[in-house]
Ligand code: PRX
């Protein structure tokens, strides 16, 4: 298949932080040859330190420390240091609520809000080393709460507002948190998500929680428990605006973020201070090419790592104006994203392939109703982006002018690892392109032997990087086992990938999603992208199911674009289509048409559930991360097998 290549325009390159392949290569080689000098110089130049570190990094596999002995503070770097610069009156957070309410918070105002709330926490007795759970809607007080915790050295853990009381309880208990910061509720598709009710339900089994601080967002009725529950505005009203940031060790735990593992128990990924912030800050420049005049918007939820690094810590440390939106992309209509882009003259837009595909499906009339000419750079994260979605994003949203940065990283990596520097690296749709400076990935087989060009293998990372996870909260053994034992001493990403003749990385998905059909290795993602290239297909999810002759058989769940189809005819056509696109061995055994796919709140298709459905037509286990439980029931019911 011929591959389109999109080199950066000379206009974009001329103004970029890093220009041309020479610019990229020089940085990459420098970081590779002398990581201590490379990261040490950047840390000194890009961050504020109360005291300098002893060593740039100390590597005792699999545990690493970055800038240990150095004293800094993430909240100081994200807020205070801008106050002595012309940024002091720049908008830091440009917020829009789902009902249409707006707030524009400057760096000076953010400083006041953060200092006051830090004093609220201090007055309740919370201090360095304590833990806070944050369970809030996407309102400015959420980053304020995080920055207030960081200011005092309280380790925070954000629990996404879509998680249930049960999931919340498990996280509070695992973290042994002393305080829960929440709200009465938030808005999602015009309905209230009642957060305080879920907190009340979860707290029955959580004796560690002494205080619950409740922001009034929706104004609905909530129960306040005397002595335990306090309104944010009551505590905040009398708090002083003077709260100096505490100098903390560079390895002080900044946050824990829980993510799904292969077992039912979520893993608490731990990120620390100096190294994390440095890589989050640098990637704002390298990947998003951040300029003083940009209006940058990451559409993620702060409940996920993308929101931590690219709504809160990265943009604020880099002094950006960052848009934050509370609600759903399709509320009240499918043009909400494009309406916001037009209204605030957004220049940089970062979203997920799932969102792109969902909006693509609704047709070009929605983006075409708006002036999107302010955009100069687009980004994608979280899953491989299929060529059709990439082309649409490029043509209909970016009008062919805007580079697309496809950013590969994970909760565990803390910041972007593989992505194009948009003024330097030519793009290939569907590839994250090349690793960033200081990142040494490779593709290897089971024994850790590097794969030849073009061959699929495990994606690994050879050298520790600044924003690497430090451990799993309370479970260093699981940390070693999960990430460092598959290929001893080397970070195992859990992803399959291949590298082409230009050294570009192509992520093929999780290795637990790899099928083996008649002795052929076949990525579920490969079949999915073949299916979505078919004009009738909107989305597809593929899983392997045990098959007595071929080992595994390919089983596909397919949602269709609008139109009239005969399932029997189309089923046959799609099987033929996949055989044609990949090879006869990949011909799906089964195609199931469905209205929706079961997804986590962050938009990832839950293949584990689909595997269960195709294996037994029943679903068990932990389903607390589901967006739409109804879709599972429908899937099981609409079984269409040839
Ligand atoms: O499989 C990769 C996929 O998402 C996984 C990480 O998920 P999570 O920790 O939830 O973080 C998502 C946001 C950073 C990876 O192991 N993934 C992430 N970005 C990409 C991707 N797959 C392909 N292309 C990407 N750009």
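The values are calculated or read from the model by the stated rules, or taken from the named source; none is laboratory data. Since the structure is predicted, the reported quantities are computational estimates derived from the model, not experimental observations. Cβ: placed from backbone, ideal geometry, glycine included. Neighbour counts: every protein chain shown.
Look at the range 52-69: where a residue is more than 12 Å from residue 251 (Cα to Cα) and a partner is outside any loop (DSSP other than H, G, I, E, B) and modelled with pLDDT of 95 or more, sitting 6+ places away or on another chain with Cβ atoms under 6 Å, you get 62/480; 62/484. Of the residues making up the range 456-465, at least one is within 16 Å of the ligand (Cβ to nearest atom), surrounded by 24 or more Cβ atoms within 10 Å (Cβ to Cβ) and touching a residue at least 60 places away in the same chain (Cβ under 8 Å).
Residue check: is residue 268 over 23 Å from residue 432 (Cβ atoms) and assigned to a strand (DSSP E or B)? So residue 268 passes the test.
Summed over the range 41-61, residues that are surrounded by fewer than 18 Cβ atoms within 10 Å (Cβ to Cβ) and assigned to a helix (DSSP H, G or I) total 4. Does at least one position in the range 183-203 carry a residue that is under 22 Å from the mean Cα position of the chain (by Cα), part of a loop (DSSP other than H, G, I, E, B) and closer than 30 Å to residue 73 by Cβ? Among the residues of the range 183-203, not one is under 22 Å from the mean Cα position of the chain (by Cα), part of a loop (DSSP other than H, G, I, E, B) and closer than 30 Å to residue 73 by Cβ, which makes the answer no.
For the range 599-610, taking the residues that are within 16 Å of the ligand (Cβ to nearest atom) and free of Cβ contacts under 8 Å to residues at least 60 places away in the same chain, the one that is nearest to residue 531 (Cα to Cα) is identified as 606. When 319, 274 are checked against the criterion of being surrounded by fewer than 24 Cβ atoms within 10 Å (Cβ to Cβ), within 22 Å of residue 111 (Cα to Cα), away from the ligand (no atom under 16 Å from the Cβ) and in contact (Cβ under 8 Å) with a residue 40 or more places away in the chain, a single residue qualifies: 319. For the range 388-403, the set of residues classified as part of a helix (DSSP H, G or I) and within 15 Å of the ligand (Cβ to nearest atom) consists of 389, 390, 393, listed by residue number.
Scan the range 576-590 and tell me whether some residue there is crowded, with 22+ Cβ neighbours inside 10 Å, modelled with pLDDT under 85 and more than 16 Å from the ligand (Cβ to nearest atom).
Yes: the range 576-590 contains one or more residues that are crowded, with 22+ Cβ neighbours inside 10 Å, modelled with pLDDT under 85 and more than 16 Å from the ligand (Cβ to nearest atom).
On inspection, residue 385 does not qualify as within 16 Å of residue 284 (Cα to Cα) and within 16 Å of the ligand (Cβ to nearest atom).
Annotation note: of 346, 381, the sole residue that is more than 29 Å from residue 469 (Cβ to Cβ) and in contact (Cβ under 8 Å) with a residue 24 or more places away in the chain is 346. Scanning the range 62-102 for residues that are within 14 Å of residue 313 (Cβ to Cβ) and part of a strand (DSSP E or B) yields 72, 92, 93. Here is the figure for the range 335-382: residues that are touching a strand residue (DSSP E or B) at 6+ places or on another chain (Cβ under 8 Å) and either assigned to a loop (DSSP other than H, G, I, E, B) or within 16 Å of the ligand (Cβ to nearest atom) (or both) total 19. In the range 130-150 there is no residue that is free of Cβ contacts under 8 Å to residues at least 60 places away in the same chain, surrounded by fewer than 22 Cβ atoms within 10 Å (Cβ to Cβ) and at positive phi.
Identify the single condition in (1) assigned to a helix (DSSP H, G or I); (2) over 21 Å from residue 287 (Cα atoms); (3) within 16 Å of the ligand (Cβ to nearest atom); (4) at pLDDT 95 or above that residue 443 does not satisfy, given that it satisfies every other one. Among (1) assigned to a helix (DSSP H, G or I); (2) over 21 Å from residue 287 (Cα atoms); (3) within 16 Å of the ligand (Cβ to nearest atom); (4) at pLDDT 95 or above, residue 443 violates only (1).
When residue 393 is tested against (1) over 30 Å from residue 267 (Cα atoms); (2) crowded, with 22+ Cβ neighbours inside 10 Å; (3) out of contact with any helix residue (DSSP H, G or I) (no Cβ under 9 Å at 6 or more places or on another chain), exactly one condition is not met: (3).
Residues in the range 405-415 that are in contact (Cβ under 8 Å) with a residue 40 or more places away in the chain and either more than 8 Å from the ligand (Cβ to nearest atom) or not in a loop (DSSP other than H, G, I, E, B) (or both): 405, 407, 408, 414, 415.
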